[in-house]
Structure formats: structure tokens, C-alpha cells
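*Asks:* Just dropping this structure here.
Values in this text are rule-based calculations from the coordinates and carry no lab data. Only a predicted model underlies this, so the values are computations on that prediction, with no experimental measurement involved. Here the Cβ positions follow ideal geometry from the backbone for every residue, glycine too, while neighbour counts run over all protein chains shown.
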Amino acid sequence: MSTSLSPIPFVDLNRQHQAIKAELTSAIQTVVDAGWFILGPQVEAFEHEFAQYSDAAYCVGVGNGLDAIQLLLRAYGIGPGDEVIVPSNTFIATWLAVSDVGATPVAVEPDRLTHNIDPAAIEQAITPRTKCIIPVHLYGQPADMDPINAIADKHKLVVIEDNAQAQGALYKGRKTGSLGHAAATSFYPGKNLGAMGDGGAVVTSDAQIADRVRVLRNYGSKQKYVHLEKGENSRLDELQAAILRVKLRHLDECNTQRRTLAAQYSQQLASLSVKTPFVPEWAQPVWHLYVVESDQRDALQAHLAKAQIQTVIHYPIPPHQQACYAQTHGGLEFPIAEAVAGRVLSLPLFPGMRDDEVHRVTQSIVQFTR
Ligand SMILES: *Cc1c(COP(=O)(O)O)cnc(C)c1O
């Protein structure tokens, strides 16, 4: 019988896009008609609108989220010989940006309940070489920024938020992306604010840093063919910016839908043996991912797959156990990150997902736990 059920995808971007197809098509048409594709009016307008949305003074559009972090590190002058504190439990891009500038990622374990960096564990990782902390608002849940900022103040460290998964989330009523010295975000299509290709941005209220990133993203040049430093080519393009301007207008409504779906999951999965996400009272997450924990994660995933329900593991291997970090971090142990990687499972959750689909997922989990 289960084979006759229609599959429930992990994410279906089509449902979100079909609902606003006319707006998207018209935005794309505008760029085609303008015939201007790199660093033009769409990027400029989007930067203005996204800075405003983020409660920050400046936004600089760049090529992707990894570049956004990396360009910020460069703008702050962080490089070889420096250490940067990163979560042991994150997508590898957070680490790679640090490695890209020649600095060393120093991992700190997550809080067992929130899966976000544990502020109480940060101070013991600080050395005279530490320059920066990169908290990640993982799964769309804000990290506990007040104690992180207090530690950074005390040790004179830069705080760069990795806000790739949390556009629109609130920490004590304040927007993520406005809580540190600067923030990096990603517009990879599957993110809460996703483009139709790659894209990213830096957000900050520091005029000097915004200016540095603006120069670095465009060949180290302010004036065409005059190069102040060895910059890069990492620009958000006009087409993506035009699309993002449309999607930004719908972001809050999409995040509200995600909150409703997450609330349904948490209610329907309460009192089962799978652990539903913990939300601190100061957090208003935007549910980029709805992540449960189970002692029998692999069996649960197989059971759901048999019922045509697609799930994903974020993330199956922590960065320090990846082959690319074997030489520098291979001998280290991060037991909490390792335990989390063995237990987490992300359930389908996306704007346009229907109540009956959530119900089918939770019923299938009930069946598994019986
Ligand atoms: C997606 C993501 C990135 C990188 O963004 P890209 O646009 O794919 O380069 C960085 N950090 C986190 C936490 C992410 O989820």
C-alpha cells in the first residue's frame, strides 16, 4: 500500500516558486531588458533592502556564502598564524573559509541541547593567537550571542556570524546578522532566502569593513583598471539580485510557514522516543532544518524511505573527521559533535509543504517507534 503513496520530498522549491511565478518572471525580464548583468542597479537595490531587513547599515553582495565568510576574514586582516574559533558541529564551509585565508580553525563543542556552539566552552580554546569567533546559527536557530560577544569583548576578538541558515531569525528580539561585528550569509537555492544559482552577502554596520569587502570582491579595485590590492572575483549578479529582491518580500511569510510546520512536527512527535528540537526561550528560529535525534537514526531513515519520505543527515561527518582535515585535525576528538553526527535526522520542511504531508511523516515515525 505504501508504494502507491506519492513521495514526500525533503525540499520542493517549485511549490514556493510557482506561487510567485509572475513576480519572478517579471523580475528576470527586467534584467534581460536592461542588458546589464554585473554590479548594476539590481545588486545595489538588493544590498540596500537586505541591509535594512537585517537591521544593519551595509550589505555587500558576493558570489556565495563561503566567499562571504572568507572575504570578511580577509577584510579584518586575519591570515596565516591566526586562530579562529569555529563550531565543531557545522557545515564545512565555516572551517574552509578560515583555511582559505591561511588561518587555523580551532573547534569548540556545541551545547548538547541546541547543537549550537557552547559559550561556556569557548574561553578555554582562546590562545594569544586567537583573532576571531565564528558562531553559526545552525538549522536556523540563533546561537547564544550575548555571552559570546562578552567573551569577544574581553579578549578583543572579532565576531563574524555565519548566518547562512538563519535569515530572519531573532535572538532576544534582535535579527541574526546584526548581533556581531559582521555577518556572512548564503543565497544557495535551498537556504531560507535562496537565489536561482549561487549567491551570498556580507552584512555589517562597520563602514570600513563594508568598503574593504566591496573592493576585495571586485579585483581589489574601486576604479576600473586601478588595483589597490590583489582582490578576487566574487560578485552577486544582477539576475540573482533581481530574483532575491522578489523572494525577500516573501521571506517573512515563508519563515512563518516554516514555524507552523515545525510546531506541528513538535506537537505530533511529543512523547515519542525521537527527540524533537530544543528551543531556548530567547530564540525565535526560522527552521531552515527540522532536526530530530534518534538512537536508531539509520533504521528510522530507512523506515521513512520505505514510506516514500525523503530525509537528510546534517551532517554525517564533522569537519575534523573529514579527509581534508586529517593532517591538521585528524587526531582531535570532539565527542559531542561526533555523537550528534550519529543521531541527527532532518525531516522534510519547506514552504508549501502541506499539513497532511507533515501528518504522514509523523505517523510513519509513530509506527517506527511502536
Ligand atoms: C550553506 C552554508 C554556507 C556556505 O554557503 P555557500 O553559498 O554554499 O557557499 C556556509 N555556512 C553554513 C552554515 C551553510 O549552511
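*Asks:* Checking residue 321 against (1) crowded, with 16+ Cβ neighbours inside 10 Å; (2) in contact with a strand residue (DSSP E or B) (Cβ under 8 Å, 6 or more places away or on another chain), only one condition comes out false. Which one?
*Replies:* Here residue 321 clears every test but (2).
*Asks:* Checking residue 113 against (1) within 16 Å of the ligand (Cβ to nearest atom); (2) over 22 Å from residue 200 (Cβ atoms); (3) hydrophobic (A, V, I, L, M, F, W, C); (4) in a loop (DSSP other than H, G, I, E, B), only one condition comes out false. Which one?
*Replies:* The single condition residue 113 does not satisfy is (1).
*Asks:* Are any of the residues in segment 200-210 within 11 Å of the ligand (Cβ to nearest atom) and of a type in the set (S, T, N, Q)?
*Replies:* no
*Asks:* What number of residues within segment 113-171 are among the polar types (S, T, N, Q) and farther than 26 Å from residue 332 by Cα?
*Replies:* So the answer is 5.
*Asks:* Given the residues 154, 175, 131, which is the only one that is more than 10 Å from the ligand (Cβ to nearest atom) and either over 27 Å from residue 112 (Cβ atoms) or crowded, with 24+ Cβ neighbours inside 10 Å (or both)?
*Replies:* Unique residue meeting the criteria: 131.
*Asks:* Quick one: which residue in 292, 286, 279 is touching a residue at least 40 places away in the same chain (Cβ under 8 Å), away from the ligand (no atom under 16 Å from the Cβ) and part of a loop (DSSP other than H, G, I, E, B)? Even if it seems obvious, please write down each step before you answer.
*Replies:* On the way: 292 fails: part of a loop (DSSP other than H, G, I, E, B); 286 fails: away from the ligand (no atom under 16 Å from the Cβ).
Just a single option satisfies the conditions, and that option is 279.
*Asks:* Does at least one position in segment 49-65 carry a residue that is in contact with a Gly (Cβ under 6 Å, 6 or more places away or on another chain), within 16 Å of the ligand (Cβ to nearest atom) and of a type outside the set (Gly, Ala, Ser)?
*Replies:* The answer is yes, given that some residue of segment 49-65 is in contact with a Gly (Cβ under 6 Å, 6 or more places away or on another chain), within 16 Å of the ligand (Cβ to nearest atom) and of a type outside the set (Gly, Ala, Ser).
*Asks:* Residue by residue through segment 185-199, note down the ones that are assigned to a strand (DSSP E or B) and more than 7 Å from the ligand (Cβ to nearest atom).
*Replies:* Hit for segment 185-199 is 185, nothing else.
Residues are listed down the side, and each one gets a yes or a no for (1) closer than 21 Å to residue 179 by Cα; (2) surrounded by fewer than 20 Cβ atoms within 10 Å (Cβ to Cβ); (3) in contact (Cβ under 8 Å) with a residue 40 or more places away in the chain:
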site	(1), (2), (3)
26	no, yes, no
32	no, yes, no
35	no, yes, no
62	yes, no, yes
70	yes, no, no
80	no, yes, no
86	yes, no, yes
103	no, no, no
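*Asks:* Could you grab me the full set of residues in segment 316-330 that are part of a loop (DSSP other than H, G, I, E, B) and within 19 Å of residue 98 (Cα to Cα)?
*Replies:* Start the filter on segment 316-330 by keeping residues that are part of a loop (DSSP other than H, G, I, E, B), which leaves 316-318, 322, 330.
Correct list: 317, 318, 322, 330.
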